[in-house]
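Chemist: First the structure, which I've put down as structure tokens, then a few questions once you've had a look.
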Amino acid sequence: MFRRKNHSNSEQGVEDQQQKVKELRASLGQLSGRSTQFCTDACLKRFLEARNWNVDKAKKMLEETLKWRLSFKPEEIRWNEVAKEGETGKVFKANFHDRHGRTVLILRPGMQNTAALDNQMKHLVYLIENAIFNLPEGQEQMVWLIDFTGWSITNNVPVKSARESINILQNHYPERLAAAILYNPPRLFETFWRIVKYFMDPKTFQKVKFVYPKNKDSAELMKSYFDVDNLPTEFGGTATLNYDHEEFSRLMAQDDVKAAKFWGKDKHPPGPGGNGSYSAVEVAPEP
């Protein structure tokens, strides 16, 4: 009896979510161009989930993202435009996945090599889009692994850069982050963290995990996310981490070609999609 009731409640929950998706789609009005590709049911569901299934709030969030994509044009960024930012390997897509098959981005703030915020954000957005493009079917999220080796106050990421990164991730890529693992942050990072955490919404904040190599709970957490044989030694695994900029550039150039081919003869090949694929967006004027 109880099992049937639970099953019924589960079905009702799914039906309610589907109805919310329909309501959100109807509230958006007429869409045109690539916005119809962007606003898949999976995409709308992510925005709804980010706003606790409040249709009005999800609509506002989604419309702001549509405007941002029209302005920022993430689908038009190509690796050769941001390759200089990646010379030190400060952010790159790992050659392994987590236990759920999710794409892993490795971030090494101690490897910061530029000062221009616009180019840094362009580089980050390119790699987020690429990470989504490489998600396996049925998977919508990625994991960030942040290595603090070499990090210090002198080469620290400015608060403005951190705030903008958080803003882009949580407001324009909702529910794309499964976890952000901060591996062995130094004591000095606590001051920086006390400032940065206030830029995060509660959902993003809960996904941030502090991990320390000599802590038993931290070790168990890493094992729950990763196979230690795939995980680099920098993160407590047994594999070797070797960032080869030339090789990585070759792989990114290949992905650029794949993305362009995937979207056919579009004048501006759209950004990668994964589940709920998307591209550049434009909104038709309301009648």
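Chemist: For the pairs LYS20/LYS59; LYS84/LYS122; LYS22/LYS67; LYS73/LYS197; LYS73/LYS122, flag any whose C-alpha to C-alpha distance is greater than 18 Å. Show your work: numbers first, answer last.
Modeler: Working: LYS20/LYS59 11 Å; LYS84/LYS122 11 Å; LYS22/LYS67 21 Å; LYS73/LYS197 28 Å; LYS73/LYS122 10 Å.
Exceeds cut-off: LYS22/LYS67; LYS73/LYS197.
Chemist: Over region 81-258, with every protein chain in place, what whole percent of the accessible area is carbon and sulfur at 1.4 Å, could you tell me?
Modeler: Numbers: 4420 of 8670 Å².
Accessible surface attributable to carbon and sulfur in region 81-258 totals 51 percent.
Chemist: Under the Karplus relation 6.51 cos²θ - 1.76 cosθ + 1.60, θ = phi - 60°, what is the ordered set of whole-Hz ³J(HN,Hα) values for region 102-108, x standing for Gly and Pro?
Modeler: With coefficients 6.51, -1.76 and 1.60, one gets 7, 5, 10, 9, 9, 10, 10 Hz.
Chemist: Under 14 Å between alpha carbons, and skipping anything fewer than 8 positions from LYS214 in its own chain: which aspartates and glutamates qualify?
Modeler: Answer for LYS214, where 14 Å is the Cα cut-off: GLU234, listed by chain and number.
Chemist: So, one more: Helix-only estimate, please: 222 nm mean residue ellipticity of the chain, summing -39500 (n - 2.57) across DSSP H runs of length 4 or more and dividing by its residues, to the nearest 500. All intermediate terms of the calculation are to be shown ahead of the outcome.
Modeler: Working: 11 runs with 135 residues, N = 287.
One gets -14500 deg cm²/dmol as the mean residue ellipticity at 222 nm.
Chemist: Over the chain, what is the relative contact order in whole percent, taking alpha-carbon pairs under 8 Å and six or more residues apart? Display every interim value, and only then the final one.
Modeler: Numbers: 426 pairs, mean separation 76.3, N = 287.
RCO, the chain: 27 percent.
Chemist: Distance from the Cα centre of region 135-197 to that of region 12-56, in angstrom?
Modeler: That distance is 27 Å.
Chemist: Now, a different point. Once Lys and Arg get +1 and Asp and Glu get -1 on their Cβ, which of CYS39, LEU70, GLY13 lies farthest toward the positive end of the dipole of region 13-72?
Modeler: LEU70
Chemist: Top to bottom by accessible area (1.4 Å), largest first, where do ILE146, ILE181 land? Could you put the intermediate results ahead of the total?
Modeler: Numbers: ILE146 25, ILE181 0 Å².
Ranked list, largest accessible area first: ILE146, ILE181.
Chemist: Right, here's the next one. Checking the a/c ratio against 1.5 first, then a/b against b/c, what shape does the Cα gyration tensor give for region 13-72? Write out the running numbers ahead of the final one.
Modeler: Details: a/c = 2.07, a/b = 1.60, b/c = 1.30.
Since a/c reaches 1.5 and a/b is larger than b/c, the shape of region 13-72 is classed as prolate.
Chemist: How about region 121-162: which GluC sites (Glu not before Pro) there lie in a loop by DSSP and see at most 10 other Cβ atoms within 10 Å? Don't jump to the answer; show the numbers that get you there.
Modeler: Values: sites: GLU129, GLU137, GLU140; in loops: GLU137, GLU140.
Sparse-neighbourhood loop GluC sites (Glu not before Pro): GLU137.
Chemist: Oh, and also: State, to one decimal in nm, how far the label point of ASN54 lies from the label point of SER27, with both points 7 Å from Cα in the Cβ direction.
Modeler: In this crude spin-label approximation the distance works out to 1.0 nm.
Chemist: Let me ask another. Go through HIS172, HIS97, HIS245 and list them by solvent-accessible area, largest first, probe radius 1.4 Å.
Modeler: Values: HIS172 25, HIS97 90, HIS245 45 Å².
Descending accessible area places them as HIS97, HIS245, HIS172.
Chemist: Which GluC sites (Glu not before Pro) does region 17-87 hold that lie in a coil by DSSP with at most 16 other beta carbons within 10 Å? Walk me through the intermediate numbers first.
Modeler: Working: sites: GLU23, GLU49, GLU63, GLU64, GLU75, GLU76, GLU81, GLU85, GLU87; in loops: GLU87.
Answer by residue number: GLU87.
Chemist: Which distance in nm do the two modelled labels at VAL257 and LEU70 give, with both placed 7 Å along the Cα-to-Cβ direction?
Modeler: If labels sit at VAL257 and LEU70, their model points lie 3.4 nm apart.
Chemist: Per residue, how much accessible surface does the chain expose to a 1.4 Å probe? Answer in Å², no decimals.
Modeler: Details: 15370 Å² over 287 residues.
Per-residue accessible area for the chain comes out at 54 Å².
Chemist: Could you work out which residue, out of ASN171, ASN113, ASN80, moves most in a Gaussian network model of the chain, that is, has the largest mean-square fluctuation with Cα springs under 10 Å?
Modeler: Among ASN171, ASN113, ASN80, the largest mean-square fluctuation in the Gaussian network model of the chain belongs to ASN80.
Chemist: Also: Compute, for the chain, the length of the dipole vector about the Cα centre, with Cβ point charges of +1 (Lys, Arg) and -1 (Asp, Glu) only. Units Debye, rounded to 20.
Modeler: Using Cβ point charges on Lys, Arg, Asp and Glu, the chain gives about 660 debye.
Chemist: Below 8 Å between Cα atoms, with a sequence gap of 6+, how large is the relative contact order for region 13-72 in percent?
Modeler: This gives 38 percent for region 13-72.
Chemist: May I pose another question? Tally Lys/Arg at +1 and Asp/Glu at -1 over every other residue whose Cβ is under 9 Å from the Cβ of MET252; what's the total?
Modeler: Working: positive: ARG78, LYS93, ARG250; negative: ASP255, ASP256.
Here the charged neighbours net out to +1.
Chemist: Assuming 0.36 nm per residue, please report the length gained on full extension of the stretch LEU221 to GLU81 beyond their Cα-Cα distance. Provide the component values of the computation, followed by the final result.
Modeler: Values: separation 140, 0.36 × 140 = 50.40 nm, distance 3.66 nm.
Here the segment from LEU221 to GLU81 would lengthen by 46.7 nm.
Chemist: Related question: Relative to the first principal axis of the alpha-carbon coordinates of the chain, what is the inclination of helix 245-262, with its axis defined by its Cα atoms, in degrees from 0 to 90 and to the nearest 10?
Modeler: For 245-262 against the chain, the angle is about 10 degrees.
Chemist: Taking all protein chains in place and a 1.4 Å probe, what share, in percent, of the accessible surface of region 13-72 do carbon and sulfur account for? Can you show the working numbers first?
Modeler: Details: 1470 of 3200 Å².
Taking all protein chains in place, region 13-72 shows 46 percent carbon and sulfur surface.
Chemist: Can I ask one more? Under 1.5 on a/c is rounded, so check that first for region 115-232, then, if it is not, pick prolate when a/b is larger than b/c and oblate when it is not; a ≥ b ≥ c are the square roots of the alpha carbon gyration tensor eigenvalues. Spell out each step's value before the answer.
Modeler: Working: a/c = 1.56, a/b = 1.03, b/c = 1.51.
Judged from the Cα gyration tensor, region 115-232 comes out oblate (a/c at least 1.5, b/c at or above a/b).
Chemist: Multiply the residue separation of ARG99 and THR233 by 0.36 nm, subtract the distance between their alpha-carbon atoms, and state the gained length in nm to one decimal. Walk me through the intermediate numbers first.
Modeler: Working: separation 134, 0.36 × 134 = 48.24 nm, distance 1.72 nm.
Full-extension gain reported as 46.5 nm.
The values are calculated or read from the model by the stated rules, or taken from the named source; none is laboratory data. On a predicted model such as this, the values are computed, not experimentally measured, just so you know. Note: ideal-geometry Cβ built from the backbone for every residue, glycine included; neighbour counts use all protein chains shown. Remember, those area values only see protein heavy atoms, side chains included, never the ligands or the DNA or RNA. Shrake-Rupley method; radii C 1.70, N 1.55, O 1.52, S 1.80 Å.
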